[in-house]
Amino acid sequence: MMMQLAAVEAIHIGFAAGGLVVGAVAAIFISKFMGAQTLGNAKKQSDELLSRAKADAQTIQKQIELDARNELAKRREKFESELEGSRNEVKETERRLIKREDNLDRKLDVLTTKEKYLDDLDGKIKSREKSVAAKEAELDSILVERKELLEKAREEQKQVALRMANMTEDEARRESLRLVEQEVQHEAAQLIQKSTMRAEEEAKDNALKITLQAIQRYASEHTADTTVNAIPIPSDDMKGRVIGREGRNIRAFEKATGVDVIVDDTPGVVVVSCFDPVRRAIAAEALVKLLDDGRIHPSRIEEIVEQIQKEMGQRIVKFGKEACIEANIQGLHPKISEAMGRLHYRTSYGQNILRHSMEVSYLCQVIADELGLDGELARRCGFLHDIGKAMDHEVEGGHPQIGMDFCKKFGEREEVLNAIGGHHNDIPATSPYTPIVMAADAISGARPGARRETLEKYVRRLQQLEEIATGHNGVKMAYAIQAGREVRVIVDPQAVDDANCVYIARDIAKRVSDEMTFPGEIRVTVLREMRTVEYAK
């Protein structure tokens, strides 16, 4: 029994121990399960917190970036505003400096002009003092000479009286007749000289009267259009379109028009350059039309240029016909009329050649009518005198010879041909209409406002012409006449012979051609004259 009780107790103790073990194991298992669940919840919460922190961080970062951008924009706007103000201040300062510089330049020009005027006045005063001193010396020498002549005449009269006292009656009669004959010849020479001087003065007065009347009766514009070769463009970006990819547009344009297109750093301008004024006008008009159209490519360029060329041909014919009608020139060959129309695009020192030809034709008619000549023929000669300038860039030679040969092909009269070829003294004048054309041409080219040349440049050119002429040994005086178209050189006959006159004229002409720039040509005339003057009283 005791053993059974012990066994039962042992069994109870085993069951208790087993229950404890099972409870411990269950407790361990439950604690592990609860720890894993808590760890998962904690990890999940930490992930949520992390993702929420990242989202908050991104939001904060975006807000910071947005604030930074707004601040940067505000600072940039402020900086640009300050920079624009500084630029405006610089521009205003630059404008004031340019204005001040222009004022200083004008003042300098005025001072230079006044200084030059004072120098010229001083030179004239000195020259006049020298002239007065020379004239005083000359008068003293003349007085001495006259006294000597008077004493000599008195001695001769005494001798004649003594000789007359010793003469017979016939000898005295012959001597008296001889003295009377000498006196009559001297008086006749004086009358001839006075008549010649009076005729020359009347001729000068009549010529001046006719010239002034011709100028006053013709009222022409004082300005003339010039051929445009600088084409304005709306923006500098258009220069790239004018040039084209790898220069194909500008090459196509130059090939189609025969001109040179200059695209440089000059803002807002494209320059068209060509020696032919008609081609230059076609190119300028075509380029303007292309810029307005905006489509610039080789095929469009060729199309526009061809269209402008046709219009230009029609326009030239129209200009020629209108000029003939306005100048009242009838019976001109169509080729001659077309050539005159081409002169609308030719200028000389800013003077339109077609308007110049019409002006010369009117002046020729007025002068011819005053002289009792054929005014219609004179008008025709003046109208066609510069026709060679319409083709002088295509044919070798001067425009007078080119124009004369051209008009000769179409049956113009000999007077017209001689006026065309001789209006610059290239050939001798065979009719009175040639010098009339020369005079009218000089009047038209020299009148105020006809040509774009300032008075200061004109005076400087005349002074330079006279200085070149007087720079040779043996030259006493030189005068630039006919508005600088001729220089007359007077040499000392004691120091220069006839052979040296040819050398002096040739050398002066060569120096003038090499050192000066002038329109047309300049005639050099060297005069060598020996004068002996005596006065009988």
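The stretch between residue 318 and residue 500, if pulled fully straight at 0.36 nm per residue, gains 60.1 nm over its current Cα-Cα span.
A straight chain from residue 55 to residue 518 at 0.36 nm per residue would run longer than the Cα-Cα distance by 157.9 nm. The local environment of residue 528, defined by Cβ-Cβ distances under 13 Å, has a net charge of -1 under the rule Lys, Arg +1 and Asp, Glu -1.
Using the Cβ-Cβ distance between residue 425 and residue 106 with R0 set to 41 Å, the FRET efficiency works out to roughly 0.45.
Can you give the local net charge around residue 341? Use residues other than it whose beta-carbon is closer than 11 angstrom to its beta-carbon, Lys and Arg +1, Asp and Glu -1. Local charge sum for residue 341: +4. On the beta carbon distance between residue 533 and residue 333, with R0 = 56 Å, the FRET formula returns roughly 0.50.
Bridge orientation summary for the stretch 455-527: considering DSSP beta bridges with both residues in this region, about 55 percent are antiparallel. For the stretch 41-149, the extents of the C-alpha atoms along the principal axes are 156, 17, 8 Å, listed from largest to smallest. Computed from backbone phi, the HN-Hα couplings of the stretch 492-500 come to 7, x, 6, 9, 10, 9, 5, 5, 5 Hz, rounded to whole numbers (Karplus: 6.51 cos²θ - 1.76 cosθ + 1.60, θ = phi - 60°; Gly and Pro given as x). Annotation: amide H-H contacts under 5 Å for residue 233 (H modelled 1.01 Å from N, sequence separation of 5 or more, or interchain): 269, 270. Modelled spin labels at residue 297 and residue 138, positioned 7 Å past Cα toward Cβ, are 8.3 nm from each other.
Note on residue 71 and residue 248: with the Förster distance fixed at 51 Å, the Cβ-Cβ geometry gives a FRET efficiency of about 0.55.
Across every pair of non-identical alpha carbons in the stretch 230-446, the mean reciprocal distance, once inverted, gives a Kirkwood radius of 18.8 Å. Stretching the chain fully between residue 99 and residue 114 yields a gain of 3.2 nm (0.36 nm per residue, less the alpha carbon separation).
Excluding residues fewer than 8 places away in the same chain, name every one of the aspartates and glutamates whose C-alpha is closer than 20 Å to that of residue 147. Result set, ordered by chain and number: 136, 138, 155, 156, 534. According to the calculation over all Cα-Cα pairs in the stretch 455-527, the P(r) per 10 Å bin from zero is 21, 56, 20, 3 %.
Take every Cα pair under 8 Å whose residues are at least 6 apart in sequence, average their separation, divide by the length of the stretch 230-446, and the relative contact order is 13 percent. Residues whose amide H lies under 5 Å from that of residue 477, counting only those 5 or more places away or on a different chain, are 490; hydrogens are built 1.01 Å from N in the peptide plane.
Here, each number is a calculation from the coordinates, and none is a lab measurement. Fair warning: this is a prediction, and the values are worked out from it, not measured in the lab. As a convention, Cβ positions derive from the backbone with ideal geometry for all residues, glycine included, and neighbour counts pool all protein chains shown.
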